[in-house]
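The values are calculated or read from the model by the stated rules, or taken from the named source; none is laboratory data. What you are looking at is a predicted structure, and each value in this text was computed from that prediction instead of being measured. As a convention, Cβ positions derive from the backbone with ideal geometry for all residues, glycine included, and neighbour counts pool all protein chains shown.
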Ligand SMILES: Nc1ncnc2c1ncn2[C@@H]1O[C@H](COP(=O)(O)OP(=O)(O)OP(=O)(O)O)[C@@H](O)[C@H]1O
Ligand SMILES: [Mg+2]
């Protein structure tokens, strides 16, 4: 039985695995709750979400990968081994893995990811820019010489790229993503309302009343926290107008990344983009009004991809079926048996 061909979107927040011919077979949180002293995993994936903010002192919640960088090698390899085993159950041959990475990931970081993946059970690995995978997932042609702009906004990173003929023409990546928004919201509520809230509540507030544009139809949400002075539980209300001002600098940073890519792109490709528009993908593309905010500030039609969270994983799936297109563009699979020289990773 041949080994499976997998597409892996190993994000800072979520992990999605696409299996050739079967589609998305796994979609989980990329978090592990471990014993603080032995670092043995106790809970892996989605179940960790509701527990993360309520752990006893003996446990810790770890997100081992952030912005494509391995922050905790041991926990990262346990997380990957667990999920690869789950997806490849009953297979004797090791899977080949096509993995999306942020364009700011250095060759040294790729080498670490390669070791991590092969230790976790991958037979061979090929890296591809996450923005390219997302562009392919949004349905662009892999052969047409026509520029398309993709902006993938995840939990920790924003990857912008102009893509043509199934390859990257220009790309930029900034360490700005939805998790940073959660921190800004928690800091604002502490500063202005003297109330402490957890990351889970901040994320809920962002998804409910977070906005990139000023809303005349102001909406509000009631959330719970802890008064900083008294330590007592409190309920408070927060509005979309407050959130608009809190999130403004973040949205400006995403706009800055888009502008810097446009500036570095050739006039011919920019003219294409003026016709094809800007496509937003990644979970943070769901922020209310972000598409309109970018469209108003660039003058370029901006649309959110269908199913933005899974766009990169779907693109990896499509690329698995187009091995020739990958090879033509210089993307190769490497296995631990290959006598690859370090030049590939310098
Ligand atoms: N409706 C929503 N409104 C605002 N943000 C959202 C919404 N839904 C999801 N998000 C945010 O999307 C982010 C996760 O997106 P995604 O799964 O694409 O990230 P990732 O791929 O794990 O991260 P990265 O690509 O940066 O490594 C989280 O910060 C989450 O809060
Ligand atoms: Mg991502």
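Going by the structure shown, is residue 25 surrounded by fewer than 22 Cβ atoms within 10 Å (Cβ to Cβ), in the same structural domain as residue 112 (by TED's automatic domain parsing), modelled with pLDDT under 90 and in contact with a helix residue (DSSP H, G or I) (Cβ under 7 Å, 6 or more places away or on another chain)?
Values: surrounded by fewer than 22 Cβ atoms within 10 Å (Cβ to Cβ): yes; in the same structural domain as residue 112 (by TED's automatic domain parsing): yes; modelled with pLDDT under 90: no; in contact with a helix residue (DSSP H, G or I) (Cβ under 7 Å, 6 or more places away or on another chain): yes.
Spelling it out, it is not the case that residue 25 is surrounded by fewer than 22 Cβ atoms within 10 Å (Cβ to Cβ), in the same structural domain as residue 112 (by TED's automatic domain parsing), modelled with pLDDT under 90 and in contact with a helix residue (DSSP H, G or I) (Cβ under 7 Å, 6 or more places away or on another chain).
Quick grid of which residues meet (1) in contact with a strand residue (DSSP E or B) (Cβ under 6 Å, 6 or more places away or on another chain); (2) within 14 Å of ligand 2 (Cβ to nearest atom); (3) free of Cβ contacts under 8 Å to residues at least 40 places away in the same chain:
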site	(1), (2), (3)
139	no, no, yes
144	no, no, yes
148	yes, no, no
152	yes, yes, no
175	no, yes, no
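Determine whether residue 116 is more than 11 Å from ligand 1 (Cβ to nearest atom), touching a residue at least 40 places away in the same chain (Cβ under 8 Å) and within 23 Å of residue 8 (Cβ to Cβ).
Values: more than 11 Å from ligand 1 (Cβ to nearest atom): yes; touching a residue at least 40 places away in the same chain (Cβ under 8 Å): yes; within 23 Å of residue 8 (Cβ to Cβ): yes.
Judged against the criteria, residue 116 is a match.
Residue under question is residue 49, and the condition is that it be free of Cβ contacts under 8 Å to residues at least 60 places away in the same chain, assigned by TED's automatic domain parsing to the domain that holds residue 105 and in contact with a helix residue (DSSP H, G or I) (Cβ under 9 Å, 6 or more places away or on another chain); does it hold? First the steps, then the outcome.
Numbers: free of Cβ contacts under 8 Å to residues at least 60 places away in the same chain: no; assigned by TED's automatic domain parsing to the domain that holds residue 105: yes; in contact with a helix residue (DSSP H, G or I) (Cβ under 9 Å, 6 or more places away or on another chain): yes.
Against the criterion (free of Cβ contacts under 8 Å to residues at least 60 places away in the same chain, assigned by TED's automatic domain parsing to the domain that holds residue 105 and in contact with a helix residue (DSSP H, G or I) (Cβ under 9 Å, 6 or more places away or on another chain)), residue 49 does not qualify.
So how many residues does segment 152-168 have that are more than 10 Å from ligand 1 (Cβ to nearest atom) and touching a helix residue (DSSP H, G or I) at 6+ places or on another chain (Cβ under 6 Å)?
Count: 6.
Out of 275, 192, 237, I need the residue that is assigned by TED's automatic domain parsing to the domain that holds residue 161, loosely packed, with under 14 Cβ neighbours inside 10 Å and either modelled with pLDDT of 95 or more or out of contact with any strand residue (DSSP E or B) (no Cβ under 6 Å at 6 or more places or on another chain) (or both). Which one? Give the steps one after another, and end with the answer.
Working: 192 fails: assigned by TED's automatic domain parsing to the domain that holds residue 161; 237 fails: assigned by TED's automatic domain parsing to the domain that holds residue 161.
So the residue among 275, 192, 237 that is assigned by TED's automatic domain parsing to the domain that holds residue 161, loosely packed, with under 14 Cβ neighbours inside 10 Å and either modelled with pLDDT of 95 or more or out of contact with any strand residue (DSSP E or B) (no Cβ under 6 Å at 6 or more places or on another chain) (or both) is 275.
If you go through segment 64-79, how many residues are touching a helix residue (DSSP H, G or I) at 6+ places or on another chain (Cβ under 8 Å) and more than 16 Å from ligand 2 (Cβ to nearest atom)? Spell out how you get there, then give the answer.
Narrowing segment 64-79 to residues touching a helix residue (DSSP H, G or I) at 6+ places or on another chain (Cβ under 8 Å): 64-65, 68-70, 73, 76-77.
With the extra rule that they be more than 16 Å from ligand 2 (Cβ to nearest atom), the set shrinks to 73, 77.
Looking only at that region, the number is 2.
Given the conditions (1) out of contact with any helix residue (DSSP H, G or I) (no Cβ under 6 Å at 6 or more places or on another chain); (2) in contact (Cβ under 8 Å) with a residue 24 or more places away in the chain, which single one is not true for residue 20?
Checking residue 20 against (1) out of contact with any helix residue (DSSP H, G or I) (no Cβ under 6 Å at 6 or more places or on another chain); (2) in contact (Cβ under 8 Å) with a residue 24 or more places away in the chain, the one that fails is (1).
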